[in-house]
Amino acid sequence: MEFFNLKSNLKIVAGPCSAESSDQVLRTAESLHSINPDIVFRAGIWKPRSRPGAFKGVGTEGLQWLMEVQNRIGLTVATEVAEPEHVESVVNAGIKIVWIGARTASNPFSIQKLADALSGSGLSVMIKNPQYPDVDLWTGNIERILNCGISDVAAIHRGFYPFEKSALRNTPRWEVPIELKRRMPELLMICDPSHIAGKRQYIKDIAQRALDLNFDGLMIETHYKPSIALSDKNQQLNIEDFSKLISELKWRDYVAADEAFKQQLDDIREKIDVIDFQLLELLAHRMRYVKEIGLHKKQHNVSVLQLKRWGRILESRLEQARQDGLSEHFVKQLLELIHKESIRNQTDIFKGRESIGDNKIENE
Ligand code: PEP
Ligand code: MN
């Protein structure tokens with residue numbers, strides 16, 4: 001099997017959520033090819049749906065349509081696999097790239113079975129994040145695929161199930177893919193703004209955000225006529241909107257070639273480094289006072305939580321944040337985190353297991 005090499009070939013994956021008919025697949029693929037022949041064409045033929053009765057994909061029948069896209073139209077094709085039999089079918093058909101979906105990615109048993117089936121297949125594999133933001137599980141899934149001898153691997157960030165009401169279908173939690181990239185710097189990272197957005201109108205901002213964060217590629221659901229799509233119709237772009245999006249997005253360089261700019265960046269970063277260490281010192285200083293107060297509270301049998309004081313802290317600091325042009329949301333979260341840690345420290349003192357400097361408080 002020919003080695004595709006995601007790293008050098010892949011920037012944009014586009015195509016419908018599902019392969020629905022030969023006509024839909026070929027029309028969409030032809031238009032995409034005319035926009036850019038390097039696009040990787042995506043289409044699901046086995047669809048993991050939340051509820052039974054929803055369109056579950058056309059199954060193996062769709063493989064011949066996908067192969068026509070690859071052989072006649074000339075776009076490399078990718079499809080989703082969730083079972084070892086899917087892997088066998090795509091290998092036999094001649095497909096080069098597969099992805100593992102978010103629902104499958106939540107189950108290590110399924111991933112291990114897929115990894116075993118993928119072993120020796122020569123396929124390139126893209127692995128979506130699990131539906132919940134567990135970076136260890138996402139890392140583990142990638143390791144399972146790498147361990148089975150597949151080396152051409154990419155991660156796809158498609159957002160996380162939103163536990164709070166949100167305009168977006170899935171919460172991006174950008175810190176999760178950033179942490180994955182920190183752990184695996186060589187890993188190719190693709191963003192799927194379609195499944196994060198859930199609605200067409202949010203896709204551009206999310207895609208641009210991903211490029212600003214130095215993602216390596218985008219997967220964007222595209223359909224020649226989204227209004228008749230059998231799955232994910234609200235998030236699929238028509239060809240015209242897709243083409244406009246691609247021309248408007250700004251791809252960023254990770255490192256600038258300009259030496260003066262690099263120097264400027266280094267100078268400012270040095271200042272930020274100094275401030276970060278000052279912030280940590282200040283936090284440690286603050287925490288020493290928190291512990292001192294904890295001791296006094298304990299001696300006078302006064303509760304750890306003092307709601308009035310906490311209310312005054314929030315009010316005055318948020319007023320200051322407004323004056324300083326800082327985001328209130330950010331400062332509130334920061335204060336809540338500090339307060340939580342203060343309470344944890346004082347509670348430990350109440351339980352008699354905290355040390356302040358050298359004075360160990362003994363258990364009573
Ligand atoms: C898909 O790509 O169409 C899909 C089912 O995505 P996810 O696994 O991210 O929900
Ligand atoms: Mn979809």
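Based on C-alpha coordinates, I'd like the Rg and Dmax of segment 1-152, in Å.
Here Rg and the maximum Cα pair distance are 14.8, 41 Å.
So, with a 1.4 angstrom probe, what is the percent of accessible area on the chain that is carbon and sulfur?
Here it works out to 51 percent.
Select from I343, I145, I156 the residue whose mean-square fluctuation is largest in a Gaussian network model of the chain (Cα-Cα springs shorter than 10 Å).
Fluctuation is largest for I343.
How would H300, H33 rank on accessible area, largest to smallest, probe 1.4 Å?
Result, largest first: H300, H33.
Compute log10 of I(q)/I(0) for segment 259-360 with the Debye formula, placing one identical point scatterer on every Cα and leaving out solvent, at q = 0.16, 0.24 Å⁻¹, to two decimals.
-0.84, -1.27
At a Cα cut-off below 18 Å, give the lysines reachable from K165, other chains included and same-chain residues fewer than 8 away excluded.
Within reach: K199.
Let a ≥ b ≥ c be the square roots of the eigenvalues of the Cα gyration tensor of segment 1-50; is it rounded (a/c under 1.5), or, if not, prolate (a/b larger than b/c) or oblate?
oblate
Just how much of T104 is accessible, in Å², when a 1.4 Å probe is used and the result is rounded to the nearest 10?
20
Probe of 1.4 angstrom, ligands and nucleic acids ignored: what's the accessible area per residue over segment 286-336, in square angstrom?
77
What shape does segment 163-281 have by the C-alpha gyration tensor, where a ≥ b ≥ c are the square roots of the eigenvalues, rounded means a/c under 1.5, and otherwise prolate means a/b greater than b/c and oblate the rest?
Here segment 163-281 falls in the prolate category.
Test of the criteria: in segment 10-97, which trypsin sites (Lys or Arg not before Pro) are in a DSSP loop and have at most 13 other Cβ atoms within 10 angstrom of their Cβ?
Filter output for segment 10-97: R49.
Rounded to the nearest 20 debye, what is the charge dipole size of the chain about its Cα centre when +1 sits on each Lys and Arg Cβ and -1 on each Asp and Glu Cβ?
Value, rounded to 20: 1320 debye.
Could you work out how far the C-alpha centroid of segment 308-350 sits from that of segment 287-302, in angstrom?
Each part's Cα centre sits 18 Å from the other's.
Which value, in Å³ per residue, describes the convex hull spanned by the Cα atoms of the chain?
Dividing the Cα hull volume of the chain by its residue count gives 204 Å³.
Under the rule of -39500 (n - 2.57) per DSSP H run of 4 or more residues, summed and divided by the residues of the chain, what mean residue ellipticity at 222 nm is obtained, to the nearest 500 deg cm²/dmol?
Calculated from helices alone, the mean residue ellipticity at 222 nm is -15500 deg cm²/dmol.
Any lysines with Cα under 20 Å of the K181 Cα? List them, leaving off those in the same chain fewer than 8 positions away.
K7, K11, K128
For segment 6-248, what is the accessible area per residue in Å² when the probe is 1.4 Å?
42
Kirkwood hydrodynamic radius for segment 144-202: how many Å is it when counted over pairs of different Cα atoms?
By the Kirkwood definition, the hydrodynamic radius is 12.7 Å.
What nm distance separates the two modelled labels at R72 and H33, each placed 7 Å from Cα along Cα→Cβ?
In this crude spin-label approximation the distance works out to 0.9 nm.
So if I take the centroid of the Cα atoms in segment 221-245 and the same for segment 1-78, what is the distance between those two points in Å?
So the separation of the two Cα centres works out to 14 Å.
Go ahead and run the numbers for FRET between S227 and Y161, Cβ-Cβ distance against an R0 of 25 Å, rounding to 0.05.
Efficiency for this residue pair is about 0.40.
Length gain on complete extension for the stretch L213 to A93, per 0.36 nm per residue less the alpha carbon to alpha carbon distance?
Full-extension gain reported as 39.6 nm.
Dipole of the chain (Lys/Arg Cβ +1, Asp/Glu Cβ -1, origin at the Cα centre): which of V153, I142, A284 lies farthest to the positive side?
A284
Taking 0.36 nm per residue of sequence separation and subtracting the Cα-Cα distance, how much length would be gained by fully extending the chain between D267 and V255, in nm to one decimal?
Full-extension gain reported as 2.8 nm.
Run down the aspartates and glutamates and flag those whose C-alpha is under 17 Å from the C-alpha of K351, throwing out any fewer than 8 positions away in its chain.
In chain and number order, the partners are E292, E341, E362, E364.
List the residues whose amide H sits under 5 Å from the amide H of I12, counting only those 5 or more places along or on another chain, with H placed 1.01 Å from N in the peptide plane.
Residues meeting the criterion, in which the H sits 1.01 Å from N, are V40, L218.
Rank-order 208-219, 305-316 by packing density, defined as the average count of other C-beta atoms within 10 Å over each peptide's residues, highest first.
Descending packing order for the listed peptides: 208-219, 305-316.
The values are calculated or read from the model by the stated rules, or taken from the named source; none is laboratory data. Since the structure is predicted, the reported quantities are computational estimates derived from the model, not experimental observations. Positions of Cβ are generated from backbone atoms using ideal geometry, with glycine treated the same way; all protein chains shown enter the neighbour counts. Accessible surface areas use protein heavy atoms only, side chains included; no ligands, DNA or RNA. Shrake-Rupley method; radii C 1.70, N 1.55, O 1.52, S 1.80 Å.
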